[in-house]
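Here is the structure we will look at.
The values are calculated or read from the model by the stated rules, or taken from the named source; none is laboratory data. Just so you know, these numbers come straight off a predicted model, no measurement behind them. Note that each Cβ is placed from the backbone with ideal geometry, even for glycine, and that neighbours are counted across all protein chains shown. Heavy atoms of the whole protein, side chains included, go into the accessibility calculation; ligands, DNA and RNA do not. Shrake-Rupley method; radii C 1.70, N 1.55, O 1.52, S 1.80 Å.
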Amino acid sequence: MGNGDLVAATIHFTGRHADASMSMDGVDLLRIGNGRITEMWLFSADPAAEDAFWG
């Protein structure tokens, strides 16, 4: 969905490395200027679990 120069997208992402894996939902928020992404913020459903996955 969009509002002015901001676009929000609901996402589902997965990752795996070594013996660890994750799968969760999130929201990406993008600012668009001149037809290009100028800023981006990523929000995961469980930031602590994602941080633990990445170490």
Relative contact order for the chain: what is it in percent, counting Cα pairs under 8 Å that are at least 6 residues apart?
28 percent
In whole percent, how big is the carbon plus sulfur part of the accessible area of the chain, probe 1.4 Å, protein atoms only?
54 percent
Size of electric dipole in the chain: Cβ of Lys, Arg +1 and of Asp, Glu -1, about Cα centre, debye, nearest 20:
220 debye
Phi angles of the stretch 10-20, converted by Karplus (6.51 cos²θ - 1.76 cosθ + 1.60, θ = phi - 60°) into ³J(HN,Hα) in whole Hz with x for Gly and Pro, give 7, 9, 9, 10, 10, x, 8, 8, 6, 9, 9
Given the options Phe43, Met1, His17, identify the residue whose Cα lies farthest towards the positive end of the charge dipole of the chain (+1 on Cβ of Lys, Arg; -1 on Cβ of Asp, Glu).
Met1
Note: the chain at 4 °C, 1.567 mPa s; Kirkwood Rh on alpha carbon pairs; Stokes-Einstein D in µm²/s works out to 103 µm²/s
Simple label model, 7 Å out from Cα along Cβ direction - Val7 to Ala45, nm:
2.4 nm
What does the highest-first list of 4-13, 31-40 look like by mean Cβ count within 10 Å?
4-13, 31-40
